[in-house]
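One structure is given below, encoded as structure tokens.
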Amino acid sequence: MEKMIEELLKEFRQGSKRAAARIISLIENEAPEGKEILRVLYKESGRSYIVGITGPAGAGKSTLTDALVKLMRHRGYRVGVVAVDPTSPFTGGALLGDRVRMSDLTLDPGVFIRSMASRGHLGGLSWAARDALVVLDAFGCDYILVETVGAGQSQVDVVKVADTVVLVTVPGLGDDIQAAKAGIMEIGDIFVVNKADRGDADQVVRYLQSILEQQTKTEGWLPPVIKTVAWRGEGVEELLDAVERHRSFLVNSGHLDPLRKMRLKEEIIERVERLIFARLKKEVRMDGVLEEVYSRQLDPLSAAEALVGEIIPQAGSAGRK
Amino acid sequence: MMRKIRVLIAKPGLDGHDRGAKVIARALRDAGMEVIYTGIRQTPEQIVAAAVQEDVDVVGLSLLSGAHLHLFPKVVKLLREQVGDKVLVIGGGIIPEEDIPILKEQGVAAIFGPGTPTSVIIDFIKEKVGEKSQGTSA
Amino acid sequence: MLKEEALQAIRAAKDAWETQKVQKAIAKHPERHEQFMTGSGYPVERLYTPVDIADLDYLRDLGFPGEYPFTRGVQPTMYRGRFWTMRQYAGFGTAEESNQRYKFLLSQGQTGLSVAFDLPTQIGYDSDHPMAEGEVGKVGVAIDSLADMEVLFNEIPLDKVSTSMTINAPAAILLCMYMAVAEKQGVPFNKLRGTIQNDILKEYAARGTYIFPPEPSMRLITDIFAFCSKELPEWNTISISGYHIREAGATAAQEIAFTLADAIAYVEAALKAGLQVDEFAPRLSFFFNAHNDFFEEIAKFRAARRLWAKIMKERFGAKDPRSMMLRFHTQTAGCTLTAQQPMNNIVRVAIQALAAVLGGTQSLHTNSYDEALALPCEEAVRIALRTQQIIAYESGVAETIDPLGGSYYVEALTNRLEKEAQDYIAKIDAMGGAVKAIEQGYIQREIQDSAYRYQKEVESGRRTVVGVNKFQMEEEPPKNLLKVDPAVGEAQKKKLKELKAQRDNRQVARCLEELRRVASSTENIIPAIYEAVKAYATLGEICDVLRDVFGEYRPLDIV
């Protein structure tokens, strides 16, 4: 195992896409090597700027991502893309079709695209997808774009990883009001009305602006609303400018470091919960306790405290050891 | 360990008949695999670059134009150069019987012609990928 | 329409028959399925009676051949006057080889030509383009310039044949090449008869040989409409195709609906470009699939005819009856051919062809039995053509018009398919038309869902495919398959090189510059293409200019 890790890391540091891809798979498959490598790579990461791109199906996110990456390349950046699609809850399989619209980028040496399934994260961002960002960060990407299909959870999840969140919509979907209701509006730093050559784009823009004036995510930043026609590249320059403006705003206003720290804090807490939960499931025998609770000898809260106490002794007040 | 079989379904060449490719993509998804679809008109270079970045176990090629003798072996060759022989390459479409041995000799593991039940393809992939991952797992 | 009392009596008698006779019979021998269905998955009743077509009004819904709403046919005498055009799609390798095949087909009694182009030609690449590698001459003939076109029609008098060309994105260029050959033969443009497929919307939705985005593609199409209405009055300027939509997996109703929705988009584009409906609509033609379910297919053709007539008259206010006539070419369904026991395909094709004829087609291509294996060999093509000749001359089905008109089942199916197609069209209208529906992936998704459902039905055994999931056997691999000489690619490259050395390159450059100017303007583009073609600018050079001005289409691929 050690040797394999060393070799992979060596290749990775020489810029091998094959090695980067392999490492992401190891992480995705929850292989022990993946964990080891991640420990190393985390220390080498922290230089990428992460942009989340989210919105409803059919909004043209992949086409927009394609156009944005091309422009970023034009400006000399190395770019990583993580495109997340939902895993089918029935079959466990997934159809990942985002590459179709990015096929011009496939051969670009400065671009790495990875399609990932949500794998049990109910359409949200899997841990593997988050870790893949660390890998691409250490791989030397200046920008990493995370594309998620906007269905509730995953849209919100993107906030947990992205420095700038771009929310994409199109005229005629009729769900802009829905979005406002669902609180989705609050997560966006930049709003894009794509396919703006269609009918009532201006109306959608005005509508979004009127809402944004009432509620903003970060103080001092009024999210711009940008019209694009992604397949023609229209408005994409403006979008990238807005991303860079938001980035300098975060840096100059001193928001970026606290934002990232807060995200890391949340990540650590989430990981703690996950570890504890995994140990609870693995180490604790539930059956006896369940019987006691069922026969009213013990109440559920005391039972829970007792179970946690088994793996973290000082935490439970009614520890049985 | 959440091991999933990852498959790239690609259409090399210029033909746009993607019914078969898409039916297979859906069937493999429904069999629990993660399927990456490239779209039509992909060059062998693009297909292999995608296979590398996606770290797939299988590359499935579909072609109905008759250019298979030219394009399939090219994909295999580029894959071998870039990732060794760990990726299983299979093909489908309008492929004359007499071309199948030639393609196999050049490294295409199997050709599934018109009328092949998707279950046959699914079973083939599961068996072969199972063998490969046992052989190479660290 | 029957009187209500008569219908009541039939209903009562049918109920009695069901409860007494049928139930007894089923008790002894259960039926083969709980629920029977058509090829498109629509339920089929045990028996159809006048009750099922109680609302049918003969004069309103069926009428007479050659009269609105054309349900029974577009010509007053149909095949009693002249059989349908027997038109076999052919072309492969070099122009020389294809020219030989055309002469063979004409000598065998074929009455029209149908040109298959190779994929590089269809996508606007010359044979020496890197993307063309391995594809030159494979699924059709390679045409790089007027020089190839001259060879393709060598010794074929263009005033005597009608020629159909399966060409879409670069249709204007190939049409101009055809015109240039005619000019050299001394044939005036108004004598030219034939069809260009020119149907870009179904390329986005189902077939995949697109080049430019929808907007400039629609402009190319309406420019052709405008040009031909003046210069080539006998030419079918478009063949709006359901064939490939069906091949991609659509049901019969979807085939009608998506084809007519595309047609509506073309009519609207032409009206928007300032044309009058009766100027161009008489030259619109259609292209449908003849699939396996015999009666459903016959009903499909009849329903499509009636629906189109209504759309043209009611929605677009056409006055000329020819604008309301849905004239169509049919090809038997390639996707039903099996690689297993290929000779069985001859029988499939015969049944499908019979459905096309009973459905009143204007021309027909019958597939060759070996097409699931390779390009058809000469023997297979001959049998396919003979199949049509047997239907025409021996079966007797062509002696009267629409012989299945009035069949309770066929009329009920016709009504149902028309209704279902209308519903789809209404849905597409609500999305803003076919272009929008394609851009949103709606049509593609509908087609793919149907394709996947069909595949699952075959695999579960709910649908039988003889020789594939039932009645299989061990068999020898077939012999005598046609092989395209791999040297074709090299030969074409060499020809291109020679051409570029011999032609007047300054003239070519001038023509391409002028083309660029016209493409960026709103002028009709056809004359500029014609001049470029005559200067022997290549297909790839012309398309490159257009790609530069128009941009390229990026697929929205929904899996």
Those residues of region A:1-28 which are surrounded by fewer than 16 Cβ atoms within 10 Å (Cβ to Cβ), of a type outside the set (D, E) and farther than 19 Å from A:D142 by Cβ, in sequence order: A:M1, A:K3, A:M4, A:K10
Residue check, A:R247 under 21 Å from the mean Cα position of the chain (by Cα) and either closer than 14 Å to A:V168 by Cβ or touching a residue at least 24 places away in the same chain (Cβ under 8 Å) (or both): yes
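So that you can scan it fast, the table gives a plain yes or no per residue for (1) over 20 Å from A:E147 (Cα atoms); (2) under 24 Å from the mean Cα position of the chain (by Cα):
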{"position": "A:I5", "(1), (2)": "yes, no"}
{"position": "A:S25", "(1), (2)": "no, yes"}
{"position": "A:G34", "(1), (2)": "yes, yes"}
{"position": "A:G46", "(1), (2)": "no, yes"}
{"position": "A:V51", "(1), (2)": "no, yes"}
Within region C:444-465, is there a residue that is within 28 Å of the chain's Cα centre (by Cα), among the β-branched types (V, I, T) and under 30 Å from C:P214 (Cα atoms)? yes
Consider C:V484 against the criteria (1) farther than 23 Å from C:I167 by Cα; (2) touching a strand residue (DSSP E or B) at 6+ places or on another chain (Cβ under 9 Å): it satisfies all of them except one. Which criterion is unmet? (1)
For residues that are more than 9 Å from chain C (Cβ to nearest Cβ), touching a residue at least 40 places away in the same chain (Cβ under 8 Å) and of a type in the set (A, V, I, L, M), scanning just region B:25-54, find the one that is surrounded by the fewest Cβ atoms within 10 Å (Cβ to Cβ). B:A31
Selection within region B:92-113 - touching a residue at least 24 places away in the same chain (Cβ under 8 Å), buried (at least 16 other Cβ atoms within 10 Å of the Cβ) and within 14 Å of chain C (Cβ to nearest Cβ): B:G92, B:G93, B:I94, B:I95, B:D99, B:L103
Log entry, pairs with first residue in region B:58-73 being more than 8 Å from chain C (Cβ to nearest Cβ), second being among the aromatic types (F, W, Y), beta carbons closer than 8 Å, six or more apart or on different chains, reads B:L61/B:F72; B:L63/B:F72
May I ask you to list the residues in region A:9-26 that are under 20 Å from B:V87 (Cα atoms), touching a residue at least 24 places away in the same chain (Cβ under 8 Å) and aliphatic (A, V, I, L, M)? A:A20, A:A21, A:I23, A:I24
Being more than 25 Å from B:E54 (Cβ to Cβ), of a type in the set (A, V, I, L, M) and surrounded by fewer than 21 Cβ atoms within 10 Å (Cβ to Cβ) is the requirement here; does B:I122 meet it? no
Picking from C:L326, C:L364, C:L373, which residue would you name as being within 14 Å of another protein chain (Cβ to nearest Cβ) and either surrounded by 21 or more Cβ atoms within 10 Å (Cβ to Cβ) or outside any helix (DSSP H, G or I) (or both)? C:L373
Any residue that is buried (at least 24 other Cβ atoms within 10 Å of the Cβ), closer than 19 Å to A:E33 by Cβ and touching a residue at least 60 places away in the same chain (Cβ under 8 Å) - is there at least one of those in region A:105-114? yes
Over 26 Å from C:G242 (Cα atoms), assigned to a loop (DSSP other than H, G, I, E, B) and among the acidic types (D, E): is that true of C:D148 in this structure? no
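Rundown of residues vs (1) buried (at least 24 other Cβ atoms within 10 Å of the Cβ); (2) over 26 Å from C:A430 (Cα atoms), yes/no style:
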| residue | (1), (2) |
| --- | --- |
| C:E255 | yes, no |
| C:T259 | yes, no |
| C:Q276 | no, no |
| C:F280 | no, no |
| C:F288 | yes, no |
| C:D293 | no, yes |
| C:E296 | yes, yes |
| C:K310 | no, no |
Find the helices (runs of 4 or more DSSP H) located wholly in region C:441-559 whose residues include 3 or more that are touching a helix residue (DSSP H, G or I) at 6+ places or on another chain (Cβ under 6 Å) and acidic (D, E), and list them. none
Among the residues of region C:384-392, is there at least one that is closer than 21 Å to C:K479 by Cβ, in contact with a helix residue (DSSP H, G or I) (Cβ under 9 Å, 6 or more places away or on another chain), within 14 Å of chain B (Cβ to nearest Cβ) and not aromatic (F, W, Y)? no
Residue pairs within 8 Å by beta carbon, gap of at least six or interchain, first lying in region A:183-212 and over 24 Å from A:V158 (Cα atoms), second of a type in the set (A, V, I, L, M, F, W, C) and surrounded by 19 or more Cβ atoms within 10 Å (Cβ to Cβ), listed first then second, are A:A196/A:V229; A:D197/A:V229; A:R198/A:V170; A:A201/A:V193
Looking across region C:333-351 at residues that are closer than 28 Å to C:E97 by Cβ and touching a strand residue (DSSP E or B) at 6+ places or on another chain (Cβ under 7 Å), the single one that is surrounded by the fewest Cβ atoms within 10 Å (Cβ to Cβ) is C:A333
Going by what's in this entry, would C:V44 be described as hydrophobic (A, V, I, L, M, F, W, C), farther than 30 Å from C:D118 by Cα and in contact with a strand residue (DSSP E or B) (Cβ under 8 Å, 6 or more places away or on another chain)? yes
Of all residues in region C:306-357, which are small (G, A, S) and farther than 25 Å from B:F112 by Cβ? C:A309, C:G317, C:A318, C:S323, C:A350, C:A353, C:A355, C:A356
If we scan region C:72-88, do we find a residue that is of a type in the set (A, V, I, L, M) and on the phi > 0 side of the Ramachandran plot? yes
Can you confirm whether C:T251 is in contact with a Pro (Cβ under 8 Å, 6 or more places away or on another chain), more than 24 Å from C:Q75 (Cβ to Cβ) and either among the basic types (K, R) or within 14 Å of chain B (Cβ to nearest Cβ) (or both)? no
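Values quoted throughout were computed directly from the atomic coordinates according to the rules given, and no laboratory measurement underlies them. Because the structure is a prediction, the values reported are computed rather than measured. With ideal geometry, Cβ positions are generated from the backbone for all residues, glycine too; neighbour counts draw on all protein chains shown.
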